[in-house]
Amino acid sequence: MESSAQHVDTHTGHVVVIGGGIAGLAAAHRLLGTGIRVTLLEATDRLGGKLRTGEIGGAPVDLGAESMLARRPEAVDLAEAVGLGPLLQPPTATTASVWTRGALRPMPKGHVMGVPGDPAALAGLLSDDGLARIAREPELPPTEVGDDVAVGAYVAERLGREVVDRLVEPLLGGVYAGDAYRISMKAAVPQLFEAATTHDSLLAGVRALQERTAAEQPGGAVFAGIEGGVGRLPGAVADAVRAGGGEILLETPVLALTRTAGGWHIRTGHPTRPDLRDLTADGVVLATPAWSASALLAEESPAASAELAAIEYASMALVTMAFRRADAGAMPDGSGFLVPPVDGRTIKASTFSTRKWGWVAEAAPDLFVLRTSIGRYGEEEQLRREDSELLDVSLDDLREATGLAARPVAHEVTRWTAGLPQYPVGHQARIARIRDSLAELPGLRVCGAAYDGVGIPACVASARRAADEIIATSTLAPGTGRGAGE
């Protein structure tokens, strides 16, 4: 007869992860590492969320996010853990330009999200009046930032609108597709928020930040890609999850989430298997967009649901194109360019993939592959245009910016509707309220781009936090590794 202790040791807790983007996959991977049985549910027919690979003219390309911050460890560590370490590569070109005031101007060095420590760093990009305005900043009285402040509003008050409109705005737009005059400095650029709260002069604060960063961080690439595209990361993590005994179900939307006496009941809409339409779990990780999490939590946590529903998203489209190399011989140097909204162009950026990623050039040596991005917060009408229109406006802007007059031999338009969560002033306080509300629900946590950062490392860190808190705050018993609970 088994002892009760032996019986407990053979019980494996079960956690359901809802959402198969990189955050959900990372959470599943983390949970399996402790021996917990995991089921991941994804509503669509593919994994990866905003990470997606494709092919253009025979070259592998990313059709979503294309790089990850290498100086944060989480994404690199995950890639190495699932066997992609040897494929990690830095960009082959890192210099970029800003297309503004009718010309491509070199992206300045020596700034933090567009804010310089020395006005001279922005020479050539800003007007003489704009540079002079920055130089007067140390003479201004201190600016009160309070609990949070919009990046654009604060920087414009300290340094003038020109630096915001010509540099801060396009740099932030490349990350959030948002409006610098709405985006939270505390949430989106915490280094600047620290500089603003610890120094009377923003220039002095940025210089101190730059000095500290130079002392603390080793050299090496700031960003990294994966040979063949970072869109390979979700598939590799999924393979590792399955190899560890985890179950992944595609085309399985979650219709309802209910707290029970012993854990959670998950009602799914699996189309063919009735046995998967009602699942029970000891814990749940919600790794879905905010609006989806809001709907699922409406009954169990109305307060968290309301806060999640208030998180807004921006939509964007990527137009990936392949040109004959001979037709692109006069393309400017560098990895691409950003476009300030104030200049009134349609595209907000262009990345020269052939120059930026070695594997693209090697796979298609006779082609020049690039992509443009279209759409910012409040510009959802852009995504209502036909694919052919998005291609044509991209070509018009490329022609004016670079002189490229040819049409591509291949192209693909990828739309990311409601793809990027917005971080307005007060975002961190909202996330704290969400987490405080959810703390009352044992065994449930949230993760993903809507919370602590939109980049891949931030999403992975969010997933690890959710998984670790599920384990720490629940009665889940560790399993015995692969196949536990089967």
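The values are calculated or read from the model by the stated rules, or taken from the named source; none is laboratory data. Fair warning: this is a prediction, and the values are worked out from it, not measured in the lab. As a convention, Cβ positions derive from the backbone with ideal geometry for all residues, glycine included, and neighbour counts pool all protein chains shown. Each accessible area value is taken on the protein alone, full model and side chains, heavy atoms only, with ligands, DNA and RNA left out. Shrake-Rupley method; radii C 1.70, N 1.55, O 1.52, S 1.80 Å.
Laid out as a table, the results:
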item: Hits in the range 349-378 - residues which are acidic (D, E) and either touching a residue at least 12 places away in the same chain (Cβ under 8 Å) or touching a strand residue (DSSP E or B) at 6+ places or on another chain (Cβ under 6 Å) (or both); result: D366
item: Residues (open to solvent by less than 70 Å² (accessible area, probe 1.4 Å), out of contact with any Gly (no Cβ under 9 Å at 6 or more places or on another chain) and modelled with pLDDT under 95) located in the range 191-218; result: T213
item: Qualifying residue in the range 28-39 (condition: in contact with a Cys (Cβ under 8 Å, 6 or more places away or on another chain), within 25 Å of T473 (Cβ to Cβ) and either among the hydroxyl-bearing types (S, T, Y) or open to solvent by less than 10 Å² (accessible area, probe 1.4 Å) (or both)); result: no
item: Failed condition for R166, given (1) touching a residue at least 60 places away in the same chain (Cβ under 8 Å); (2) buried (at least 18 other Cβ atoms within 10 Å of the Cβ); (3) at positive phi; result: (3)
item: Selected residue (criterion: nearest to R385 (Cα to Cα)) from residues of the range 282-313 that are outside any helix (DSSP H, G or I), open to solvent by less than 30 Å² (accessible area, probe 1.4 Å) and in contact with a helix residue (DSSP H, G or I) (Cβ under 7 Å, 6 or more places away or on another chain); result: I311
item: Residue within the range 340-352 that is surrounded by fewer than 22 Cβ atoms within 10 Å (Cβ to Cβ), over 20 Å from the mean Cα position of the chain (by Cα) and polar (S, T, N, Q) present; result: yes
item: Considering residues of the range 134-150 that are in contact with a Lys or Arg (Cβ under 9 Å, 6 or more places away or on another chain) and in a helix (DSSP H, G or I) only, the residue surrounded by the fewest Cβ atoms within 10 Å (Cβ to Cβ); result: E137
item: Of residues in the range 19-39 being outside any loop (DSSP other than H, G, I, E, B) and more than 21 Å from the chain's Cα centre (by Cα), the one nearest to D278 (Cα to Cα); result: T39
item: The range 412-444, residues that are crowded, with 19+ Cβ neighbours inside 10 Å, more than 24 Å from the chain's Cα centre (by Cα) and either without any contact (Cβ under 8 Å) to a residue 60 or more places away in the chain or on the phi < 0 side of the Ramachandran plot (or both); result: S437
item: Filtered residues of the range 245-281 (kept if buried (at least 19 other Cβ atoms within 10 Å of the Cβ) and in contact with a Gly (Cβ under 8 Å, 6 or more places away or on another chain)); result: G245, I248, T252, V254, G263, W264, A281
item: D392 within 25 Å of the chain's Cα centre (by Cα), among the acidic types (D, E) and farther than 30 Å from H427 by Cα; result: no
item: Criterion: open to solvent by 10 Å² or more (accessible area, probe 1.4 Å), farther than 19 Å from A472 by Cβ and in contact with a Pro (Cβ under 7 Å, 6 or more places away or on another chain) - qualifying residue of T44, T53; result: T53
item: Residues within the range 71-85 that are assigned to a helix (DSSP H, G or I) and surrounded by fewer than 22 Cβ atoms within 10 Å (Cβ to Cβ), tallied; result: 7
